[in-house]
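For reference, the structure discussed in these notes is given below.
The values are calculated or read from the model by the stated rules, or taken from the named source; none is laboratory data. Quick caveat: nothing in here was measured; it's all calculated off a predicted structure. Here the Cβ positions follow ideal geometry from the backbone for every residue, glycine too, while neighbour counts run over all protein chains shown.
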Amino acid sequence: MPATVIMPALELAQETGKVLKWLKNPGDSVRKGEPIVEIETDKVTVEVEAPASGVLREVSAQPGDVVPVGKAIALIFAAGEVPVAPAPAAPAAAASAPGPVKASPLARKVAEQHGVDIAAVKTASGRVEKADVLAYVESKKGSASNGAPARIAAASPKARRLAAERGVDLRVVSGSGPGGAVLAADLPAAAAPAVQRAAAAAGVSNVWRIMAERMTASWTTAPHFYLVREVNVSRLVTWRDRASKQTGVRITYTDLLIRLVAATLARHPRANASWKDGTIVQHTDINIGLAVAIDDGLVVPVLHRADALSLAEIAARREDLVTRAQTGKLRPADIQGGGFTISNLGMYGVDAFNAIVNPPQAAILAVGRIADRVVALDGQPAVQPTMVLTLSCDHRALDGARGAQFLGSLADVVEEPLTLLS
C-alpha cells in the first residue's frame, strides 16, 4: 500500500499550506526522511520529508497551490508496487452536475458568521478562502451604502464606543450577546481581518502576515507584564573566551544564554509552561525557541532538550537552525514544541527592549547588548560589562512572584556561571 504525503499541520490555527517547490519529480526514487517538497505554512517555509522509501507518484499539488492541512499531495509507492488504475469516468450528465463548493474550513466558518452563501463567492482559482469571503462582505457593504437597506447592528454601548475607536463596522461582526448583539469581547476577533487586509495591501509575504496576526492576537489577549534585571557579565565574557578555546567551536553569547536558561528552567519549571484552552500546560521537556530574523519576517526554530546538550552541541545546533531558517530550509520538527523563547537584539546595539510573548508560551526573554557601564563594586564605582535582561510574561500562566524567582536565578548564574558548572 502506498505511503501518503500530506500537507503538514504545524499549529492548531493552521488551515492551509502552500506548495512552493517539489524537490523530487514524479517517478524519482526517494528515501525515507529525504526532503521532497518545500511548503510555506502559517509560520515559515519548511521542507517536508518522505514518509517512506520508494517511488514518488501521483503528485496532485503543483507549485503555487494552496492545500488544506491533512490533504494528500502525493503518494510514494514501494519498489515493484503498481498503481491502481483509475475508476471509469462518470457519465457526461453526472459530470455536468454542479459539485460542492471548494472552500477552506476557515472560509466556511467566516461565511456562516456573516450569513453569506459560500456558493455566491466567486474566485479565479475556483477555491474560496477567508479573504475572498471578507472581500465579498465588503462589496455587499458598499452596495448597502449606495441605496440598499443596511442591517442595523445590535450592540452594547461599550462595543459601539470601541468599534468607533477601532474603525470596526458592527454590521459585519458576529455577536455573542443575546439575540446576536455585539459585545465588547467580540471586537478583537473582528479587528483581526483588518491586519490581514493591511498586510495584503502592502504586498507582504504570507509569513509576515501570519506573524502580524499572531503578535496582534498575543498583544490583545495575553496580559503582559515585564521584569527587568541588569547583570554584570564580566565572568560570562571570560567563560565564552575559555569555552571557545576548549571546544574549538565558535561560541556566542546566545549559546551561553541558551545553556543557562535551560538550567534555570529545570529549577523553575513553572516558567516552562503554556496557557491553552483556559488551563496551564506544563512542558516535560525543555525546548527553547530562538527568535531569528529573516527577509520575510520572524521565525522561531527550536532547540529540543536543550538542558541535555553540551555547549558545543548547542552552538552547532544553533548555527544549523539559524542557517536553515535564513535559507528557507527548516523542517516541520524544527519549529514545533517550543516552551520558552529567547530574543537577542544585542548584536544590533539595542540596550533593552520588551518582547511580545510567543503564544501559547508563558514567557520570552529579551536580551540587550553588552556595554561597559558604571556600577557599584565593593562599595566603589567601577566600569564593568553589563547586560539588560527583560522577561516578558503572560500573567495567565506565570505570575509576578514566580517570574521574579526565575529571573533572579537566571541573573545569578549569568553573573556566576561557575555555580552552574561546578
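Any chance you could count how many residues in segment 379-411 are in a strand (DSSP E or B) and either within 18 Å of Arg259 (Cα to Cα) or not assigned by TED's automatic domain parsing to the domain that holds Arg235 (or both)? Working first, answer last.
Step one: filter segment 379-411 for residues in a strand (DSSP E or B), giving 380-394.
Those still in the list that are either within 18 Å of Arg259 (Cα to Cα) or not assigned by TED's automatic domain parsing to the domain that holds Arg235 (or both) too: 387-391.
Residues in segment 379-411 being in a strand (DSSP E or B) and either within 18 Å of Arg259 (Cα to Cα) or not assigned by TED's automatic domain parsing to the domain that holds Arg235 (or both): 5 in total.
Gly248 falls short on exactly one of the conditions (1) in contact with an Asp or Glu (Cβ under 6 Å, 6 or more places away or on another chain); (2) over 24 Å from Ala352 (Cβ atoms), and that condition is (1). Checking each residue in segment 23-56 for being under 20 Å from the mean Cα position of the chain (by Cα), among the hydroxyl-bearing types (Ser, Thr, Tyr) and part of a loop (DSSP other than H, G, I, E, B) picks out only Thr41. When each of Leu162, Leu227, Leu187, Leu236 is tested for being farther than 30 Å from Thr45 by Cβ, modelled with pLDDT of 85 or more and in a helix (DSSP H, G or I), the lone residue that passes is Leu236. For segment 395-422, a tally of residues being crowded, with 21+ Cβ neighbours inside 10 Å and in contact with a strand residue (DSSP E or B) (Cβ under 6 Å, 6 or more places away or on another chain) returns 5. Filtering segment 208-259 to residues that are among the acidic types (Asp, Glu) and either within 22 Å of the chain's Cα centre (by Cα) or surrounded by 15 or more Cβ atoms within 10 Å (Cβ to Cβ) (or both) leaves Glu213, Glu230, Asp255. Just wondering, is there one or more residues in segment 300-310 that are at pLDDT below 95, in contact with a Gly (Cβ under 9 Å, 6 or more places away or on another chain) and farther than 17 Å from Ser392 by Cβ? Yes: one or more hits.
Residues to consider are Ala306, Ala376, Ala291; find the one that is more than 30 Å from Gly278 (Cα to Cα) and in the same structural domain as Ile258 (by TED's automatic domain parsing). Reasoning before the result, please.
Details: Ala306 fails: more than 30 Å from Gly278 (Cα to Cα); Ala291 fails: more than 30 Å from Gly278 (Cα to Cα).
Exactly one of Ala306, Ala376, Ala291 is more than 30 Å from Gly278 (Cα to Cα) and in the same structural domain as Ile258 (by TED's automatic domain parsing), namely Ala376.
The residue that is surrounded by the most Cβ atoms within 10 Å (Cβ to Cβ), among those in segment 358-372 that are at pLDDT 95 or above and part of a loop (DSSP other than H, G, I, E, B), is Ala362. Among the residues of segment 223-247, those identified as in contact (Cβ under 8 Å) with a residue 60 or more places away in the chain and over 21 Å from Leu410 (Cβ atoms) are Pro223, Thr247. Of all residues in segment 327-363, those being within 19 Å of Leu265 (Cα to Cα), under 17 Å from the mean Cα position of the chain (by Cα) and touching a residue at least 60 places away in the same chain (Cβ under 8 Å) number 12. Does Ile280 meet the test of being surrounded by fewer than 18 Cβ atoms within 10 Å (Cβ to Cβ) and either under 24 Å from the mean Cα position of the chain (by Cα) or not assigned by TED's automatic domain parsing to the domain that holds Val322 (or both)? Here the answer is yes, as Ile280 does meet what is asked. Restricting segment 260-272 to residues that are crowded, with 22+ Cβ neighbours inside 10 Å and farther than 16 Å from Val413 by Cα leaves a set whose member that is farthest from the chain's Cα centre (by Cα) is Ala271. Just one of the numbered conditions (1) modelled with pLDDT of 70 or more; (2) in a loop (DSSP other than H, G, I, E, B) is not true of Val67: (2).
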